[in-house]
Amino acid sequence: MKTINAIIIEPGRPPRTAEIPDTLEAKQHIVDGYIESVPIADDVSLYCNEEGKLNGLPLNRALHDRNGDIYEIIAGTFLITGYNPSTGEDESLTDKQTERYTRMFAHPETFTLTDTHIIVQ
């Protein structure tokens, strides 16, 4: 069975690297449900639980666009793998990608709900 190097990011915890089977079932097991791919970059895949927010999973990390504005908040555990746009398949993260995304998601965030906003700290 083919395995790939990935980053797993759980709510309230720093990222960790893991070697995982490159199967749908393994990815679903990590996120505890059906997977959804969320755009983050052309050369990586970010997978989270498709129904994480609906099922009340804890908010985990905010995703920001190039201007620093939040475009998505991920609920529950998610994972990041490398992605090959030529083949359309996931692959191991490179050392550079691992360093970049480990640094990007290094600090667990807290979320406060107000009447009109979500405050990310």
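Bear in mind these aren't lab numbers, they're just calculated from the coordinates by the rules spelled out. Everything numeric here is computed off the predicted structure, so don't read it as measured data. With ideal geometry, Cβ positions are generated from the backbone for all residues, glycine too; neighbour counts draw on all protein chains shown.
What value, in deg cm²/dmol to 500, does the helix sum -39500 (n - 2.57) over DSSP H runs of n ≥ 4 give at 222 nm once divided by the residues of the chain?
The helix-only estimate for the chain comes to -4000 deg cm²/dmol at 222 nm.
Sort THR3, THR87 so the one with the fewest other Cβ atoms within 10 Å of its own Cβ comes first.
THR87, THR3
Sorting LEU113, LEU46, LEU63 on the 10 Å Cβ count, fewest up front, what's the list?
Lowest count first: LEU113, LEU63, LEU46.
Can you pull out the trypsin sites (Lys or Arg not before Pro) in the range 46-101 whose DSSP state is coil and whose Cβ has at most 12 other Cβ atoms within 10 Å?
ARG66
Relative contact order, percent, of the range 3-120 when contacts are C-alpha pairs under 8 Å separated by at least 6 residues?
RCO, the range 3-120: 30 percent.
By count of other Cβ within 10 Å, fewest leading, how are SER45, SER86, SER92, SER37 ordered?
SER86, SER37, SER92, SER45
Using DSSP to call loops (not H, G, I, E or B), can you name the chymotrypsin sites (Phe, Trp or Tyr not before Pro) in the range 55-105 whose Cβ has at most 12 other Cβ atoms within 10 angstrom?
The qualifying sites: there are none.
Explain nothing, just the number: dipole magnitude of the range 34-115 about its Cα centre with +1 on each Lys and Arg Cβ and -1 on each Asp and Glu Cβ, in debye rounded to the nearest 20.
Roughly 280 debye, rounded to the nearest 20.
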